[in-house]
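Asker: Sharing a structure, written as structure tokens. Questions coming.
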Amino acid sequence: MAKIDFSLNNLDELFPADFTQEQIAKGKTAFLKELSYDMHKFYGGKMMTVPKAGLYGFNWFNVWYTPGVSKVSTTIRDNKNESFQLSNRGNLVAIVSDSTRVLGDGDCTPPGGLGVMEGKAFLMKYLGGVDAVALCVDSKNKAGKNDPDKLIDFVKMAQHSFGAVNLEDISQPNCYKVLDVLRDECEIPVWHDDAQGTGCVTLAGLINALKIAKKDISKVKMAFLGAGASNTTIVRLIVQAGANPQNIVVIDTKGGLHKDRKDIEADKAYYRKWEICETTNPNKINTIAEAMKGADVLISLSQPGPDVIKPEWIKQMNEKSIVFTCANPVPEIYPYAAKEAGAYICATGRGDFPNQVNNSLGFPGILKGALLVKASSITDNMAIAAAKSIAATAEKKGIHPDYIVPLMSEWDVFPQLATDVAMQAIEDGVARQIYTREEIYAMAEKDIRESREMIDHLMQENFIKKPPIHLLEEALQRAIKLVG
């Protein structure tokens, strides 16, 4: 066993030498959960609010508040677009969730989602230079059911305080209606990160994986396990990027999606799934094992594993198979097991394995790009541009089977991503503010760099206090005990 340190870059070395690969994989999951609980308790969460303006004397209170601020209020009253320049609205995102589908843990109640939503705010600030606030909402009606219309009304009422809205962890079918209505009816971008975010990063990984395997997206056979917000959007984006829907099979908990699925056709709330039923799976395949026979690609976002995808199914896939198992917090099959079964390229949603195909690689830069040009929406073209941007950044560094997308630590991906998304917004006609590519990149790079430097400075000056090492050691020992 190696000595634990604060970088956490040596997770695989922290466990006893006699641990199997499966025990190490499970041990890492347990350790990260135990440590996360301890760290959140130590810090009391992970976000706070600090001013961006200075206080140089007593009368500066009267500049930032009354009476001086009256001119700001009346100016915005007469031209509400001024709110993007005269307040923090232009760089502020609302992270909205009813917490009904939090990671792999299901309905955690509204406050149960705060850890995830604060986590997204943390990533937005450090990786995208974007301010964000977690808003976990009780959307239950009098009958005790989560009502999508209540969530829609909440966002529409709150939108005037924000430059964009990030929807998160909303269970289906409500997630479809909430996103589609808000995209049509809000004046600012509404982005569903579980759907569009995961979709564009998955497409980015697939673009490079197919290049490495020397396969054509229009010809490959693809199997999908799971038909929630993520996979239904992934399918839509992949088809727009050139995949043949006739070569696609999607499997949900009741079988294959195809034209005979009358249960989906009859339930109008599942219209996104019915669109897939109408266009894919012409042979009406009903099991994931059958769908994977001869398939080139598996994309699974279903239930946490590690035994959801069987090695024998992977053995029946085509040569140089591509396996994305992205359930959180545990993939449907661990990468080492998938490779032992013959997979050529493996990806998961986790950063402690190679090829982290996770929406965290996308949303900080995507939302930054939309905010910089004061976009009114985020189009599918912008999501596809984001996927191509992420893929291109990795390709420039040199892609290989264990590197198909950039690492989150490679921060140069984010200003480039923001720039490509902003330029697509201008091309699509949804940008309120027009800049050149060079101007956008300079603004994005400056904001992201300054955010990182500010957080680093707070750590160096001990305003963000370093936790005692014994908390890390105790969390590790609990994890080893749980697994061993």
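Asker: When you count, for each residue, the other Cβ atoms within 10 Å and take the mean per peptide, how do 193-202, 242-251 rank with the highest first?
Answerer: 193-202, 242-251
Asker: May I ask for the angle, rounded to the nearest 10°, between helix 437-460 and the longest principal axis of the chain, with both axes built from Cα atoms and the value confined to 0 to 90°?
Answerer: Taking Cα atoms only, the helix is inclined about 90 degrees.
Asker: First select every other residue whose beta carbon is under 11 angstrom from the beta carbon of ALA121; then total the charges, Lys and Arg +1, Asp and Glu -1.
Answerer: 0
Asker: Output ³J(HN,Hα) for segment 183-194: one whole-Hz value per residue in order, computed from phi by the Karplus curve 6.51 cos²θ - 1.76 cosθ + 1.60 with θ = phi - 60°, and x for Gly and Pro.
Answerer: Values, residue by residue: 4, 7, 10, 8, 8, 10, x, 10, 10, 9, 5, 4 Hz.
Asker: Put a dot 7 Å past each Cα toward the Cβ at LEU471 and ASP153; how far apart are the dots in nm?
Answerer: Inter-label distance under the simple model: 4.1 nm.
Asker: Net charge within 12 Å of VAL50 by Cβ-Cβ distance, Lys/Arg positive one each and Asp/Glu negative one each, not counting VAL50 itself?
Answerer: Taking every Cβ under 12 Å from that of VAL50, the sum is +1.
Asker: In whole Å and largest first, what semi-axes does the C-alpha gyration tensor of segment 209-335 yield when each eigenvalue is scaled by 5 and square-rooted?
Answerer: Those come to 22, 17, 13 Å.
Asker: Quick one: MET459, MET157, MET47, fewest Cβ neighbours within 10 Å first, how do they rank?
Answerer: Ascending Cβ contact count within 10 Å gives the list MET157, MET459, MET47.
Asker: Within the set of other residues whose C-beta is less than 11 Å from the C-beta of LYS397, count the net charge using Lys and Arg as +1 and Asp and Glu as -1.
Answerer: -2
Asker: Assuming R0 = 51 Å, what is the FRET efficiency of GLN240 and LYS481, from their Cβ-Cβ distance, to the nearest 0.05?
Answerer: Result of the calculation: an efficiency of 0.60.
Asker: Ordered by packing density, taken as the mean number of other Cβ atoms within 10 Å over each peptide's residues, highest first, how do 363-369, 302-308 rank?
Answerer: 363-369, 302-308
Asker: Can you give the Rg/Rh ratio of the chain, where Rg is from the C-alpha atoms and Rh is the Kirkwood radius?
Answerer: With Rg and the Kirkwood Rh in hand, the quotient comes to 0.97.
Asker: Right, next: Rounded to the nearest 5, what % of DSSP beta bridges with both residues in the chain are antiparallel?
Answerer: 15 percent
Asker: Under the Karplus relation 6.51 cos²θ - 1.76 cosθ + 1.60, θ = phi - 60°, what is the ordered set of whole-Hz ³J(HN,Hα) values for segment 291-302, x standing for Gly and Pro?
Answerer: So the J values, rounded to whole Hz, are 5, 7, 5, x, 6, 8, 9, 10, 10, 10, 10, 10.
Asker: How many times 2.2 N^0.38 Å is the alpha carbon radius of gyration of segment 1-103?
Answerer: Normalised Cα radius of gyration, segment 1-103: 1.88.
Asker: Residue farthest toward the positive end of the dipole of segment 196-347, with Cβ of Lys/Arg at +1 and Asp/Glu at -1: which of ASN286, VAL330, ILE299?
Answerer: Going by the charge dipole, the pick is ILE299.
Asker: Moving on. Sort 128-136, 101-109 by packing, meaning the average of other beta carbons within 10 Å per residue, with the highest value first.
Answerer: Ranking, from highest mean packing down: 128-136, 101-109.
Asker: With a cut-off of at most 14 other beta carbons within 10 Å, and DSSP calling the residue loop, which GluC sites (Glu not before Pro) in segment 125-214 qualify? Please list them.
Answerer: Answer in residue order: GLU187.
Asker: Report the one residue of GLY205, ALA227, ALA418 whose Cα lies farthest in the direction of the positive end of the charge dipole of the chain (charges on C-beta: Lys and Arg +1, Asp and Glu -1; origin at the Cα centre).
Answerer: ALA227
Asker: Hey, got the dipole for segment 196-347? About the Cα centre, +1 on K and R Cβ, -1 on D and E Cβ, debye to the nearest 20?
Answerer: 320 debye
Asker: Which one, PRO16, GLY112, ALA431, projects farthest toward the positive side of the charge dipole computed for the chain from Cβ point charges (K/R +1, D/E -1)?
Answerer: So the residue we want is ALA431.
Asker: Still on this structure, I have one more. In degrees, nearest 10, range 0 to 90: what is the angle between the Cα axis of helix 114-128 and the longest Cα principal axis of the chain?
Answerer: Compared with the principal axis, the helix lies near 80 degrees.
Asker: Oh, and also: Once the mean 1/r over all distinct Cα pairs of segment 81-188 is inverted, what Kirkwood radius in angstroms do you read off?
Answerer: It is 14.2 Å.
Asker: Now for a separate question. Relative to the longest principal axis of the C-alpha atoms of the chain, give the angle of the C-alpha long axis of helix 21-43, reported between 0 and 90° and rounded to the nearest 10°.
Answerer: Around 20 degrees separate the two axes.
Rule-based calculations on the coordinates, nothing more; no lab input. The structure presented is a predicted model; accordingly, all values stated were derived computationally and were not measured. Glycine gets a Cβ as well: all are built from the backbone with ideal geometry, and neighbour counts include every protein chain shown.
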